[in-house]
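Quick notes on the structure that follows.
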Amino acid sequence: MVIKLIFLICFFAVMIFVGFYARKHATNVGDFVLGGRKVGPWLTAFAYGTSYFSAVVFVGYAGMFGWKYGTSATWIGLGNAFIGSLLAWVVLGRRTRVMTNHIKSATMPDFFGTRYGCKILKIVASVIVFVFLVPYTASVYNGLSRLFSMAFDIPFKYCILAMAVLTGVYVLLGGYMATAINDFIQGIIMIGGIIAVIYSVLHGQGGFMEAIQKLAKFESDIPVTMGQPGAFTSFFGPDPVNLLGVIILTSLGTWGLPQMVHKFYTIKNEKSIKAGTIISTVFAIVIAGGSYFLGSFGRLFDNATIYNSEGAVVFDSIIPYMLSKMPDILIGIVVVLVLSASMSTLSSLVLTSSSTLTLDFIKDTIIKKMSDKSQLFVMRILIVLFIALSVIIAWDPPFFIAQLMSISWGALAGAFLAPFLYGLYWKGVTKAAVWASFITGVGNTVINLILTRMKNPFITPMSPINAGAVAMIAGLVVVPVVSLLTPKMKKEAVNEIFSCFEETVTVHKKKSIQE
């Protein structure tokens with residue numbers, strides 16, 4: 001317990017110190033929300049990666065999908081690395097930075113309002129962001145608190161309160177720069193921690209080959225491959241179709257999540273984008289690939305403690321139980337690892353939600369004129385409110401961690417991914433198409449959620465994960481189809497927005513070879 005407490009106290013001290021240090025970088029709205037658009041590649045890449053992976057992935061997703069799909073769950077981590085990180089940086093990174101700077105956009109809802117010339121779009125998008133980031137934040141608190149409960153034998157509800165207070169302190173103090181610096185420190189901890197944990201778990205099972213042999217003896221309990229031996233060590237696992245749905249949701253989803261895309265707004269220059277692409281991808285391979293690989297051996301730790309009173313598996317308990325068998329010093333490392341992953345995600349979520357609601361809803365809509373000082377004050381009030389709402393949901397969650405996250409990702413990415421992506425590249429996107437995407441993404445998620453809660457024997461709703469994946473793909477189809485059938489935006493306005501990609505810049509010979 002002493003070892004674990006020392007790790008914890010040191011971690012808290014560093015986070016709070018960074019918050020105080022970064023106060024000088026949070027004196028105005030631009031610095032508080034965007035870090036002055038001067039954040040380098042390492043900080044941006046680690047901020048992207050640590051916001052991507054939290055206790056939701058390490059505890060909730062790795063536990064649930066590792067149990068369901070065995071070693072094939074590692075494909076989810078690889079999808080996160082190459083689609084959610086590498087491809088996202090290549091496709092979105094540069095164009096997001098250039099266009100958002102040109103139209104002076106600080107948030108994703110503001111992008112929609114300015115890019116499509118519609119103030120109501122901005123307001124509606126800001127409400128969607130605030131509402132659907134709450135369950136995501138609740139899922140992070142829930143996953144984090146369960147691990148703390150295992151490590152310190154403290155009721156998880158008290159852990160939720162402690163994490164909420166700590167998150168609030170350093171985000172309120174230092175804004176985006178505090179979260180970026182802390183994300184870098186937390187990212188380094190995560191890399192070292194995941195490697196140590198995987199080694200310890202496999203060593204405890206007699207090594208990698210021995211663990212694989214044990215896992216191969218389990219027969220599939222999934223209807224598609226019922227009774228098939230070796231399914232949990234096969235290339236595509238016992239349920240490839242649903243596995244693909246998870247890969248789409250968790251990988252493509254980042255392209256439409258405001259807290260993820262926001263990282264591209266802040267990056268410093270062209271060189272930083274290229275370096276950040278590589279750093280972010282390698283980080284994702286290690287963290288996401290490692291987390292799902294670790295979770296794939298969950299069935300080797302089958303125990304009565306991971307089942308509820310009705311005999312059903314409590315997926316959120318699998319990883320904590322696996323880790324409880326490790327030496328105290330490694331448990332201490334794991335606690336700091338998951339704490340690092342979660343605090344970075346939480347800080348990103350609360351900053352995104354508060355800045356969005358302040359800049360895109362309250363400013364110019366409820367309060368017509370707001371000074372920089374007033375905007376910062378309102379953001380800090382909303383940070384406290386957002387954390388409080390998340391804690392209330394996490395206190396008695398209605399779903400598993402993975403399901404809570406899926407609801408949030410499905411609604412947000414389903415609504416925003418297509419109009420944001422097409423809006424960066426195609427002049428022909430219309431306002432009606434953006435509205436159609438918003439309705440499709442949010443409507444699909446909410447209707448599926450209602451059907452799930454009704455438990456009608458004649459209707460079989462999709463899982464929140466598959467519903468989220470369907471919402472994203474539907475948006476990618478709906479936006480171009482509706483754009484072709486509805487009135488176009490004024491050509492002059494669209495050309496002015498896209499003129500940022502046609503500006504002439506001077507480059508030194510050592511940077512560029514000309515004919």
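Would a scan of the stretch 264-273 turn up a residue that is basic (Lys, Arg), crowded, with 24+ Cβ neighbours inside 10 Å and touching a residue at least 40 places away in the same chain (Cβ under 8 Å)?
The answer is no, given that none of the residues of the stretch 264-273 is basic (Lys, Arg), crowded, with 24+ Cβ neighbours inside 10 Å and touching a residue at least 40 places away in the same chain (Cβ under 8 Å).
Do we have VAL434 as touching a Ser or Thr at 6+ places or on another chain (Cβ under 6 Å) and either more than 26 Å from MET64 (Cβ to Cβ) or exposed (fewer than 12 other Cβ atoms within 10 Å of the Cβ) (or both) here? Reasoning before the result, please.
Details: touching a Ser or Thr at 6+ places or on another chain (Cβ under 6 Å): no; either more than 26 Å from MET64 (Cβ to Cβ) or exposed (fewer than 12 other Cβ atoms within 10 Å of the Cβ) (or both): yes.
Taking the combined requirement at face value, the residue does not satisfy it.
For the residues VAL378, VAL391, VAL434, VAL384, the requirement of being part of a helix (DSSP H, G or I), in contact with a strand residue (DSSP E or B) (Cβ under 9 Å, 6 or more places away or on another chain), modelled with pLDDT of 75 or more and not acidic (Asp, Glu) singles out VAL378. Would the stretch 309-323 turn up any residue that is aliphatic (A, V, I, L, M), in contact with a strand residue (DSSP E or B) (Cβ under 9 Å, 6 or more places away or on another chain) and surrounded by fewer than 22 Cβ atoms within 10 Å (Cβ to Cβ)? Yes, because at least one residue in the stretch 309-323 is aliphatic (A, V, I, L, M), in contact with a strand residue (DSSP E or B) (Cβ under 9 Å, 6 or more places away or on another chain) and surrounded by fewer than 22 Cβ atoms within 10 Å (Cβ to Cβ). When the stretch 257-286 is filtered for residues that are over 27 Å from PRO419 (Cβ atoms) and modelled with pLDDT of 90 or more, the ones remaining, listed by number, are ILE278, ILE279, VAL282, PHE283, ILE285, VAL286. When THR277 is tested against (1) among the hydroxyl-bearing types (Ser, Thr, Tyr); (2) buried (at least 16 other Cβ atoms within 10 Å of the Cβ); (3) free of Cβ contacts under 8 Å to residues at least 40 places away in the same chain, only condition (3) is not met. Selection of the stretch 444-467 for residues being surrounded by 15 or more Cβ atoms within 10 Å (Cβ to Cβ) and without any contact (Cβ under 8 Å) to a residue 12 or more places away in the chain yields only LEU451.
Whether a residue is at negative phi, assigned to a helix (DSSP H, G or I) and touching a Lys or Arg at 6+ places or on another chain (Cβ under 7 Å) was assessed, and LEU424 passes this test.
The values are calculated or read from the model by the stated rules, or taken from the named source; none is laboratory data. Keep in mind it's a predicted model, so treat the numbers as computed, not measured. Backbone-built Cβ (ideal geometry, glycine too); neighbour counts: all protein chains shown.
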